Amino acid sequence: MNLQSAIHLAWIVPLAFLVAYIGSPRFLGTVAPARVRRILESSLEKNQYTLLHDIVLPAGGGTAHFDHLVVSRFGVFVIDALARRGSISGKQVQARWKQRRFGKSVQFDNPLHENFLKVQSLERLLALPINVFHSYVVMMGHNSALSDVPKNVLTPETLVRRIRSESRQLLSADQASEVTRQLHRDALPNEFARQRFRWKVLRWLLLAALLASVYTVYRQPIDQAIETVQRHSDQRMKPEAYHSDGTPKTELELYQDSLICARSIDTDRCTCYEPGGRVADLAQDQCESLADRGSVLNQ
């Protein structure tokens, strides 16, 4: 392979890395929490609900990571978000669920059980009764085949409606504020967030490298395409600046089009006027040509 061929294939390298990353479990692990975060922040009333995202709290002898916590007078909502492609099957009581995709099956821990363990750790940390907490699992990107789908397994589209349906007051306004303050006080350094930030930076770097490589290799056709699009846009905006075949008019042609030329048949005199009213300095034959061609006033 010569150097020219290698240059033309340079864009494949960042593309391959980017595709591999987008299809990886690490990337899928960030998709669902990011979408749920956008939904919560754009839909829930800030004067009633306090949102905490991507927070790590002490749990027994270790730590627990929470995708989303929503604190309100209606309780503390513990929300876990995950993306699973393919078909998901399982029952609420089963310890393991099954994911089937491309003819292959893998098992994973029941997210309902995992989220309930987080609820229990919050119960001990905040010293609140268990009925104050609402445990939700939001799943996306899958074809559900769950048996007797539990009411606390939701889609992103039904999450906010479900939160608002909990209208019974379980905490006073002061208690809800104190819960929020304690969660902020007890929050631990979040290594997960730092890792996600590094991978996000890597993703943008790969995308920038891909775009730069594609432009370097295909710069000439890209520039031609941009120029064509720009020319078509200009033709629609200023059709008078182009000939019927689409070629742009010269500065001289644009100047001549702006003139108003009058030719007297009786005296055979011809005069052209510029837009400001000043007489244009043109030879007699040029004036007559402009007057006779039909695009200007002809007397």
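General observations
- For Thr155, the conditions (1) under 16 Å from Ile55 (Cβ atoms); (2) of a type in the set (Ser, Thr, Tyr); (3) under 30 Å from the mean Cα position of the chain (by Cα) all hold with the exception of (1).
- Complete set of residues in the stretch 75-95 that are in a strand (DSSP E or B), over 29 Å from Val132 (Cβ atoms) and of a type outside the set (Ser, Thr, Tyr): Ile88
- Number of the condition not met by Asp281 [criteria: (1) at pLDDT 80 or above; (2) surrounded by 13 or more Cβ atoms within 10 Å (Cβ to Cβ); (3) among the charged types (D, E, K, R)]: (2)
- Residue within the stretch 29-37 that is in the same structural domain as Glu178 (by TED's automatic domain parsing) and at pLDDT 90 or above present: yes
- Residues of the stretch 75-91 that are more than 16 Å from Leu154 (Cβ to Cβ) and aliphatic (A, V, I, L, M): Val76 alone.
- Selected residue (only one of Phe102, Phe133 is farther than 21 Å from Arg38 by Cα, surrounded by 14 or more Cβ atoms within 10 Å (Cβ to Cβ) and not aliphatic (A, V, I, L, M)): Phe133
- Failed criterion for Asp67 (all others in (1) out of contact with any helix residue (DSSP H, G or I) (no Cβ under 6 Å at 6 or more places or on another chain); (2) modelled with pLDDT of 90 or more hold): (1)
- The C-beta contact set for the stretch 27-46 (first residue closer than 18 Å to Arg161 by Cα and outside any helix (DSSP H, G or I), second residue at pLDDT 90 or above and among the hydrophobic types (A, V, I, L, M, F, W, C), distance under 9 angstrom, 6+ apart or interchain) comprises Leu44/Leu51; Leu44/Val70; Leu44/Val160; Leu44/Ile163.
- Condition check for Ile265: of a type outside the set (Gly, Ala, Ser), modelled with pLDDT under 75 and closer than 30 Å to Asp281 by Cβ: yes
- Qualifying residue in the stretch 87-101 (condition: in the same structural domain as Arg161 (by TED's automatic domain parsing) and touching a Pro at 6+ places or on another chain (Cβ under 6 Å)): yes
- Residue match in the stretch 223-241 (condition: touching a strand residue (DSSP E or B) at 6+ places or on another chain (Cβ under 6 Å), farther than 30 Å from Gly62 by Cα, at pLDDT below 90 and surrounded by 11 or more Cβ atoms within 10 Å (Cβ to Cβ)): yes
- Where a residue in the stretch 96-108 is within 12 Å of Arg84 (Cα to Cα) and its partner, wherever it lies, is among the acidic types (Asp, Glu) and exposed (fewer than 14 other Cβ atoms within 10 Å of the Cβ), with Cβ under 9 Å and at least six apart: Trp97/Asp109
To keep it simple, each residue is scored yes or no on (1) over 15 Å from Asp292 (Cα atoms); (2) in a loop (DSSP other than H, G, I, E, B); (3) not small (Gly, Ala, Ser).
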site: Pro221; (1), (2), (3): yes, no, yes
site: Ala225; (1), (2), (3): yes, no, no
site: Val229; (1), (2), (3): yes, no, yes
site: His232; (1), (2), (3): yes, no, yes
site: Ser244; (1), (2), (3): yes, yes, no
site: Leu252; (1), (2), (3): yes, no, yes
site: Asp257; (1), (2), (3): no, no, yes
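- Close pairs (6 angstrom Cβ cut-off, 6 or more residues apart or separate chains): in the same structural domain as Ala176 (by TED's automatic domain parsing) in the stretch 112-128, of a type in the set (D, E, K, R) and not in a helix (DSSP H, G or I) anywhere: Asn115/Asp80
- The numbered conditions (1) surrounded by 10 or more Cβ atoms within 10 Å (Cβ to Cβ); (2) at pLDDT 80 or above are all true for Gly276 except (1).
The values are calculated or read from the model by the stated rules, or taken from the named source; none is laboratory data. Everything numeric here is computed off the predicted structure, so don't read it as measured data. Note that each Cβ is placed from the backbone with ideal geometry, even for glycine, and that neighbours are counted across all protein chains shown.
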